[in-house]
Amino acid sequence: MAARLLLRSAFRAATTCLYLLCDSDVCLRLALFCVTSGIPTDEEQATGLEKVILKATKEGKDPYSMLKPKEYAGTKADPHLVPSVTNKRIVGCEEDNTAVIWFWLHEGEAQRCPSCGSHYKLVPHELPH
Amino acid sequence: MAHQAHAYHMVDPSPWPLTGAISALLMTSGLATWFVYKTTTLLFLGTTLLLLTMFQWWRLIIRESTFQGHHTTPVQKGLRYGMVLFITSEVFFFIGFFWAFYHSSLAPAIELGGLWPPTGITPLDPFEVPLLNTAVPLASGVTVTWAHHSIMEGARKPALQSLTLTVLLGLYFTALQAMEYYEAPFTLADGVYGCTFFVATGFHGLHVIIGTTFSMVCLLPHTHYHFTSNHHFGFDAAAWYWHFVAVVWLFLYISIYWWGS
């Protein structure tokens, strides 16, 4: 609680400082000063893989498969789309089975699960290099 | 950047875990040889190797995370789990010493006079220096929380000030405890009271030194703009560890200093 009180008074002191200098030009320069000599944000400072993932997430993409796979109906018209960096990938089908059915999915026409018959189709997956 | 299809960090081989293990061996055996033969060679060697390992390993982590960007969200999550599990293991470590204390003090043996504190022991007054030593970790808990909020809000100067204050309070606690140890009317050799007192508070003091070091190692990257308002796990880990150390002190104070006096 003390920290919040301290923070509130510090914030109030900082904002009153900004308001007292009514000159808009000075205000802007002061604000920029606070931003540039403050703590950087991820946008400004992230690098390497972290930056690539940050940019991709902002665009709504998931190149490194961090999220759950998308839901599909699994029918012939709406097969499960399985991304792959090569031309085949192992699939484990949990749809209408009591066990997980594992099989290789090859590129080309959609394959069906040997047990429940759900459709799976391999799609090429681009990695940001 | 590696050609990997996942967001995890496959670390490159490095010698620092090995040097860390060797330093642990040298320090423990060095401690034993110091006690028995009064020679400090092994201990000195082990401590030097430990300092080298700390410097190199943490430098490597900073390079991998801040400069190379390997610490993605799943990697950070793993690090969080790791820190939580480590602190949990430390909690159990202390539970053992509290168990020992309560085992001996709840039903004091006849050889101790059938009472606690045992006959002949003058315990420290809990309302003198130990009380100050309780206010200090509580205050440092406030300052570390203040620092955390400052970092998240992007306020660099308050973050620097509060983190420095936290480190200073930690050093102050260590200095006060050292003085208490020197002035105490009983020693480690004074039966089960001395044993439980110094082992429990001694390990706690060691953890305070570790926590202070951790905070100091956070202060340095912070002055070099390494942390961002969203990604500052090193600081989070230091803050968690520091809160853990403060809470252990509270338990120590209430059990050993207050109830046990």
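Taking the condition under 22 Å from B:Trp58 (Cβ atoms), of a type in the set (Phe, Trp, Tyr) and at pLDDT below 95, does B:Phe186 pass?
no
Residues in segment B:211-233 that are within 14 Å of chain A (Cβ to nearest Cβ) and assigned to a helix (DSSP H, G or I): how many?
Total satisfying the criteria: 6.
What pairs come out if I take residues in segment B:115-134 that are farther than 14 Å from B:Leu250 by Cα and pair them with residues that are surrounded by fewer than 18 Cβ atoms within 10 Å (Cβ to Cβ) and among the hydroxyl-bearing types (Ser, Thr, Tyr) whose C-beta lies under 6 Å away, six or more apart or interchain?
B:Pro123/B:Ser261
For the structure I just gave you, tell me whether B:Phe186 is away from chain A (no Cβ under 14 Å), in contact (Cβ under 8 Å) with a residue 12 or more places away in the chain and assigned to a helix (DSSP H, G or I).
Judged against the criteria, B:Phe186 is not a match.
Could you list, in sequence order, the residues of segment B:16-30 that are exposed (fewer than 13 other Cβ atoms within 10 Å of the Cβ) and closer than 20 Å to B:Phe67 by Cβ?
Answer for segment B:16-30, where residues must be exposed (fewer than 13 other Cβ atoms within 10 Å of the Cβ) and closer than 20 Å to B:Phe67 by Cβ: there is none.
Kindly establish whether B:Phe86 is hydrophobic (A, V, I, L, M, F, W, C), free of Cβ contacts under 8 Å to residues at least 24 places away in the same chain and on the phi < 0 side of the Ramachandran plot.
Yes.
Of the residues B:Ser29, B:Ser23, B:Ser65, B:Ser89, which single one is at pLDDT below 95, in a helix (DSSP H, G or I) and not basic (Lys, Arg)?
Going through B:Ser29, B:Ser23, B:Ser65, B:Ser89 in turn, the sole match is B:Ser65.
Of all residues in segment B:38-88, how many are among the acidic types (Asp, Glu) and away from chain A (no Cβ under 14 Å)?
Of the residues in segment B:38-88, 0 are among the acidic types (Asp, Glu) and away from chain A (no Cβ under 14 Å).
Mind listing just one residue for me: the one in segment B:223-242 that is surrounded by fewer than 21 Cβ atoms within 10 Å (Cβ to Cβ) and within 22 Å of the chain's Cα centre (by Cα) and, of those, nearest to A:Glu43 (Cα to Cα)?
Only one residue tops the list, namely B:Phe233.
Regarding B:Trp99, is this residue away from chain A (no Cβ under 14 Å), assigned to a helix (DSSP H, G or I) and without any contact (Cβ under 8 Å) to a residue 12 or more places away in the chain?
yes
Would you check which residues across segment A:83-129 are within 25 Å of A:Pro63 (Cβ to Cβ), among the charged types (D, E, K, R), modelled with pLDDT of 90 or more and not in a strand (DSSP E or B) and list them?
Hit for segment A:83-129 is A:Glu107, nothing else.
Go through (1) over 26 Å from the mean Cα position of the chain (by Cα); (2) surrounded by fewer than 15 Cβ atoms within 10 Å (Cβ to Cβ); (3) not small (Gly, Ala, Ser) and name the single condition A:Phe103 misses.
Failing condition for A:Phe103: (2).
Tell me which residues, restricted to segment A:101-129, are of a type in the set (A, V, I, L, M) and closer than 17 Å to A:Glu71 by Cα.
Of everything in segment A:101-129, those that are of a type in the set (A, V, I, L, M) and closer than 17 Å to A:Glu71 by Cα turn out to be A:Ala110, A:Leu122, A:Val123.
When you scan segment A:41-79, how many residues do you find that are away from chain B (no Cβ under 11 Å) and assigned to a loop (DSSP other than H, G, I, E, B)?
15
Could you tell me which numbered condition B:Ile110 fails, if it satisfies all but one of (1) surrounded by fewer than 18 Cβ atoms within 10 Å (Cβ to Cβ); (2) within 14 Å of chain A (Cβ to nearest Cβ); (3) out of contact with any Gly (no Cβ under 6 Å at 6 or more places or on another chain)?
Unmet for B:Ile110, out of (1) surrounded by fewer than 18 Cβ atoms within 10 Å (Cβ to Cβ); (2) within 14 Å of chain A (Cβ to nearest Cβ); (3) out of contact with any Gly (no Cβ under 6 Å at 6 or more places or on another chain): (2).
The values are calculated or read from the model by the stated rules, or taken from the named source; none is laboratory data. Since this is a predicted model, take the numbers as computed values, not measurements. Here Cβ is always computed from backbone atoms with ideal geometry, including for glycine, and neighbour counts include all displayed protein chains.
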